[in-house]
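K.L.:
My questions will all concern the structure given below.
The values are calculated or read from the model by the stated rules, or taken from the named source; none is laboratory data. Because the structure is a prediction, the values reported are computed rather than measured. All Cβ positions, glycine included, derive from the backbone under ideal geometry; neighbour counts span all protein chains shown. What goes into the accessible areas is simple: the full protein's heavy atoms, side chains included, and nothing from ligands, DNA or RNA. Shrake-Rupley method; radii C 1.70, N 1.55, O 1.52, S 1.80 Å.
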Amino acid sequence: MTVHSWRVLGATGFIGSAITTALQTREIPVTPVASPRLASPATTVHHLVEHAERLESVIDYLADSFAGADTVVNAAGLAAPDQTHQQSLTGANSLLPVLVALAAHRTGVRRVIHMSSASVQADAPVLDESIRTAPFSPYSFSKALGESALYRLHSQWRTEDGAPELTVIRATSVMGSERRTTRMLARFASSPLSSVAGDGSSPTPVTSVTALAQFTVAVGEFPRPLPPVILQPWEGATTASVLRDAGRRNPLSLPPWFCRAAIGSARFASGVAGHRYAGLIRRLEVTWFGQRQVPGWAHENDVLPEPHVQEVLRQAHLALGR
């Protein structure tokens, strides 16, 4: 069996460190690559790619770092759903993926996996693996722009011998016991405010970083061609089960009409404030209503990681008492 060599950008971050650990556990050679700090005023794919192609020194640095690698994972970026500084978000979440792809193309890397976010499809009733996006905030716009630029390169290179395979993994609502977002959820779930819309049986895309890391390694090692977009698989959580695991208490059941009215009012107020709270409101909406997702590529190819979301949420609850 051939053992492939990996490079991981963002290897010290939340998702990147979990992927690196998963690779090391399987004794797959992996080398961290430091990510350059970037900013960009680009708002279209055309201008983004133009900007990237001018940054020769950055492409050279990345190409040198990728030498000898079979697979490159870009897990770097600015995970700041509530940030509004668009140029910083675009630099980290849109420009960097393009630079990684250009450097991989120059170096002869076999496969590039870019870690994106299901937030690019906003409040779609069902998350899917289409290239359709509907961003709702500066953060989700930056992630969607990065995806679109990679699709452009994928289209240009698909008939070119030796070009890297470009694949986007859309992570859903990823939890880790030490992550701030997860601890905020645990505090909410432990409080008298813990609540869901309706009976709490709606599926929710809340997942674990452990399963995401295992899934990413499985995708990278998959022996056949990959599609442009792969959605992180559902781990079986519902709106009520997430709150029970994170708070060790049953959530209140609120009338769906009341929750919809509250979300609508909050969105209006956020819009007046420049959509400053769009990320927070979206998190509350998913907490109350959940969101369905297609089974997708992972189910079709039986590439399903072991669920860890219950374990992660219970650990987060225990951490509140420390």
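K.L.:
Expressed as an acute angle from 0 to 90° and rounded to the nearest 10, what is the orientation of the C-alpha long axis of helix 209-221 relative to the principal long axis of the chain?
P.N.:
30 degrees
K.L.:
OK, next. Can you list, bin by bin at 20 Å, the percent of alpha carbon pairs in the chain, starting at 0?
P.N.:
Per 20 Å bin, starting at 0, the Cα pair percentages come out as 32, 57, 10.
K.L.:
In debye to the nearest 20, how big a dipole does the chain give about its Cα centre with +1 on each Lys and Arg Cβ and -1 on each Asp and Glu Cβ?
P.N.:
Around 1120 debye, computed over the chain.
K.L.:
Still on this structure, I have one more. Any idea what the alpha-carbon Rg over 2.2 N^0.38 Å comes to for segment 6-171? If you can, show how the numbers build up before the last one.
P.N.:
Numbers: Rg = 14.9 Å, N = 166, 2.2 N^0.38 = 15.3 Å.
Cα-based Rg divided by the globular estimate yields 0.97.
K.L.:
Sequence gap at least 6, Cα distance under 8 Å: using those rules, report the relative contact order of segment 152-269 to the nearest whole percent.
P.N.:
Relative CO of segment 152-269 lands at 36 percent.
K.L.:
Highest first, please rank the peptides 186-199, 229-242 by the mean number of other Cβ atoms sitting within 10 Å of their residues.
P.N.:
So the peptides 186-199, 229-242, ranked by packing, come out 229-242, 186-199.
K.L.:
What part of the accessible area of segment 6-171, given as a whole %, is carbon or sulfur when the probe is 1.4 angstrom?
P.N.:
On segment 6-171, the fraction of accessible area on carbon and sulfur atoms equals 52 percent.
K.L.:
For Phe215, Phe136, give me the order by solvent-accessible area with a 1.4 Å probe, most accessible first, ignoring ligands, DNA and RNA. The partial results should precede the final answer.
P.N.:
Details: Phe215 0, Phe136 65 Å².
Largest accessible area first, the list is Phe136, Phe215.
K.L.:
If you don't mind, another one. Run the numbers on the chain and let me know its relative contact order in percent, using alpha-carbon pairs under 8 Å that are six or more apart.
P.N.:
Numbers: 625 pairs, mean separation 61.5, N = 322.
The normalised contact order for the chain reaches 19 percent.
K.L.:
Only Cα pairs under 8 Å and at least 6 apart count here; give the relative contact order of segment 6-171 as a rounded whole percent.
P.N.:
Computed over segment 6-171, the figure is 25 percent.
K.L.:
Hey, what number do you get for the chain at 222 nm if only DSSP H runs of n ≥ 4 count, each worth -39500 (n - 2.57), divided across all residues, to the nearest 500?
P.N.:
Working: 13 runs with 149 residues, N = 322.
Roughly -14000 deg cm²/dmol at 222 nm, from the helical runs in the chain.
K.L.:
What accessible area per residue comes out for segment 96-193, rounded to a whole number of Å², with a 1.4 Å probe?
P.N.:
Per-residue value: 38 Å².
K.L.:
Once the Cα atoms of helix 96-107 and of the chain are each reduced to a long axis, what angle between those two axes, in degrees from 0 to 90 to the nearest 10, is obtained?
P.N.:
30 degrees
K.L.:
So, by mean Cβ neighbours within 10 angstrom, what's the order for 139-145, 35-41 with the highest one leading? Please report the intermediate quantities before stating the final value.
P.N.:
Details: 139-145: 25.7, 35-41: 16.7.
By packing density, highest mean first, the sequence is 139-145, 35-41.
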